[in-house]
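Peer 1: Let me give you the structure first, and then I'll get to my questions.
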Amino acid sequence: MRYYYSAIIRLARFNSTKLSSIKPINQHIYKRAFTTHSIDPLETAEMGKDKVPYQLKTPKGTKDWEGKDMVIRDRIFNTITTVFKRHGGVTIDTPVFELRPILSGKYGEDSKLIYDLSDQGGELCSLRYDLTVPFARWLAMNPSIQSIKRYHIAKVYRRDQPAMTKGRMREFYQCDFDVAGAYDRMVPDAEILRIVCEIFGEQGLGWTGEGRFNIKINHRKVLDGIFEVCGVPKEKIRTISSAVDKLDKSPWEEVKKEMVDEKGLPEEVADRIWEFVQRKGGRDVMDALRQDSRVMANANLVAGLEDMDLLFTYLSAFGVLSKVEFNLSLARGLDYYTGVIFEVVTEGSAPSSTTGQKLQKTAKKEKTAEFDEDRSNDPSVGVGSVAAGGRYDELVGMFSGKAQIPCVGISFGVDRIFSITKARMEASKTASAIRPTEVDVFIMAFGGKGFTGLLTERMQVAKMLWDAGIKAEFAYKQKPKLPAQFKSAEQSGIPFAVILGEDEQAQGKVKIKEMGLPEGHPEKDGVTVDIGDLVGEVRERLRRKFEGVEEVVDGVNGLSTQDAEGKTGE
């Protein structure tokens, strides 16, 4: 039947067929075919063969970026990049797609989310799922590089369930920082976690204060050792890890059901796992594990605990230990992790485990989400982690077949960070502090009868300001109307106007006006200055204007995410 629809559509498109000319028995099929494709049949039949109609939209899980959203996103990029460079990072770039074998077998159960591309020119390719595997491939192709601190900011692609307003997308940016090379144990790992705290801390995105963000950490050797102690068969360790990793958003009963019913794990083994994975805290978790004779008899667990003990010592030296939680339920389903693993969450980025479980049960009763639908309004879907990573010492060797290059890294989800940041700004009503452009001065002109528009004079003032490094623009019309010039400045959020009048021009003067001053302000109508003093006057006013505003904008991110996210069902 689908092919019959297609034939009817082609008949209408390419032969300009009228609805009336189609046999009555086929008219209902013709109408249904076009209704299914959101196309008006009569309109389409008249379009002719040169115009093929389609719905103008972005693909599911993607979005266009513009205006203030771009300003906010660029500020996030700049903040993250500044921290990366502070720690000695150098940047690289890799293709947006890789040969399919490069990506296959690296992501565990999440491999089903990889976008595969059709054969184009004899090579099977896939869109990159993350930036880590391409980095490992790059290292393997460049054997002369045995150590590097690398950062990479680029888009990645996952065929996941989108939740657009919460930053869960199919095309999204990641900002990665990785340390590759053979170093003393846990030293680069500790610096990675220090980088996390700088980015989300007071001098970074402003997510400061106790409880505003939290780093959950675990160790694959600890987790694998727990599974071994509990009796998980070796071939099931990775798949059981993926199930355990869902405990932050699903109740134990559901996770256990997945282990037992879907993955064939004996129920008593699942119960033993629960004894361990519900533990979280600090050194007390390590101390408790060391009291267990089963733990101390397992080489994996002992080695993992030694690493964690050393890591805690270094984190204390870096002053960030208070932001870390040793959480035995953190599993990170990607197959390439070999050591410490970590995940960053913020208040409001995901419901608490109890709240999240209730929301999920409610959501499942209310509807069943299709794989392709945007789940932004589904209360069971949180923003999730805003950054995650870990140690992957064997990934480079999978490609080179030679000596391994140990690596550890972190990936920041810019779109998730953006969604939280924007929600906070809207909740605090400070979104207006973000300007869609960075232009500081709009150059205007006005006059009476016979007014020429002073276009060349405006150009000369623009040149003067540009030469001084001041961002400025003017209307391109020869004789613009003054109200239209003010409207352009207001719509762009430009804070100052330089106004040229015929009388002032004759005296070698211009007027500087700060936009948005209240009635009765002594400078409401502007201040007249000599043209030779214009640059200095503008600079001083900009300094005074933005000295306080930047503090307000930077402080927005210090708000509790729950103030904002609570309004969106998180």
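Peer 1: Step by step: first the residues of the range 228-238, then only those that are in a helix (DSSP H, G or I) and more than 14 Å from Leu289 (Cα to Cα), then the one that is least open to solvent (accessible area, probe 1.4 Å). Which residue is that?
Peer 2: Ile237
Peer 1: In this structure, is Ala423 part of a strand (DSSP E or B) and either β-branched (Val, Ile, Thr) or closer than 30 Å to Glu325 by Cβ (or both)?
Peer 2: Spelling it out, it is not the case that Ala423 is part of a strand (DSSP E or B) and either β-branched (Val, Ile, Thr) or closer than 30 Å to Glu325 by Cβ (or both).
Peer 1: Working only within the range 75-100, note down all residues that are open to solvent by 30 Å² or more (accessible area, probe 1.4 Å), over 19 Å from the mean Cα position of the chain (by Cα) and more than 30 Å from Ala243 (Cβ to Cβ).
Peer 2: Lys85, Arg86, Gly88, Val90, Pro95, Phe97, Leu99
Peer 1: Restricting to the range 67-97, count the residues that are touching a Leu at 6+ places or on another chain (Cβ under 8 Å), not hydrophobic (A, V, I, L, M, F, W, C) and not in a helix (DSSP H, G or I).
Peer 2: So the answer is 1.
Peer 1: Related question: Return yes when Leu103 is open to solvent by 60 Å² or more (accessible area, probe 1.4 Å), hydrophobic (A, V, I, L, M, F, W, C) and more than 21 Å from Phe418 (Cα to Cα) and no when it is not.
Peer 2: No, not satisfied.
Peer 1: Name the one entry in Glu537, Glu547, Glu504, Glu523 that is outside any strand (DSSP E or B), open to solvent by 80 Å² or more (accessible area, probe 1.4 Å) and more than 16 Å from Val439 (Cβ to Cβ).
Peer 2: Exactly one of Glu537, Glu547, Glu504, Glu523 is outside any strand (DSSP E or B), open to solvent by 80 Å² or more (accessible area, probe 1.4 Å) and more than 16 Å from Val439 (Cβ to Cβ), namely Glu547.
Peer 1: A follow-up question, please. Criterion first (touching a strand residue (DSSP E or B) at 6+ places or on another chain (Cβ under 7 Å), small (Gly, Ala, Ser) and either farther than 22 Å from Lys85 by Cα or assigned to a helix (DSSP H, G or I) (or both)) does Ser126 satisfy it?
Peer 2: Numbers: touching a strand residue (DSSP E or B) at 6+ places or on another chain (Cβ under 7 Å): yes; small (Gly, Ala, Ser): yes; either farther than 22 Å from Lys85 by Cα or assigned to a helix (DSSP H, G or I) (or both): yes.
Answer is yes for this residue.
Peer 1: If you take the residues of the range 146-173 that are hydrophobic (A, V, I, L, M, F, W, C) and either open to solvent by 40 Å² or more (accessible area, probe 1.4 Å) or assigned to a helix (DSSP H, G or I) (or both), which of them is modelled with the lowest pLDDT?
Peer 2: Looking at the filtered set, the residue picked out is Met164.
Peer 1: Modelled with pLDDT of 50 or more and surrounded by fewer than 21 Cβ atoms within 10 Å (Cβ to Cβ): is that true of Gly397 in this structure?
Peer 2: When the stated conditions are applied, Gly397 passes them.
Peer 1: A further question on this structure: Would you point out which residue out of Glu457, Glu473 is under 20 Å from Asp503 (Cβ atoms), modelled with pLDDT of 90 or more and charged (D, E, K, R)?
Peer 2: None of the other options fit; the residue is Glu457.
The values are calculated or read from the model by the stated rules, or taken from the named source; none is laboratory data. None of these values were measured; they are calculated from a predicted model. Cβ atoms come from the backbone with ideal geometry, glycine included; neighbour counts cover every protein chain shown. We work out accessible area using only protein heavy atoms, side chains counted, and drop any ligands, DNA or RNA first. Shrake-Rupley method; radii C 1.70, N 1.55, O 1.52, S 1.80 Å.
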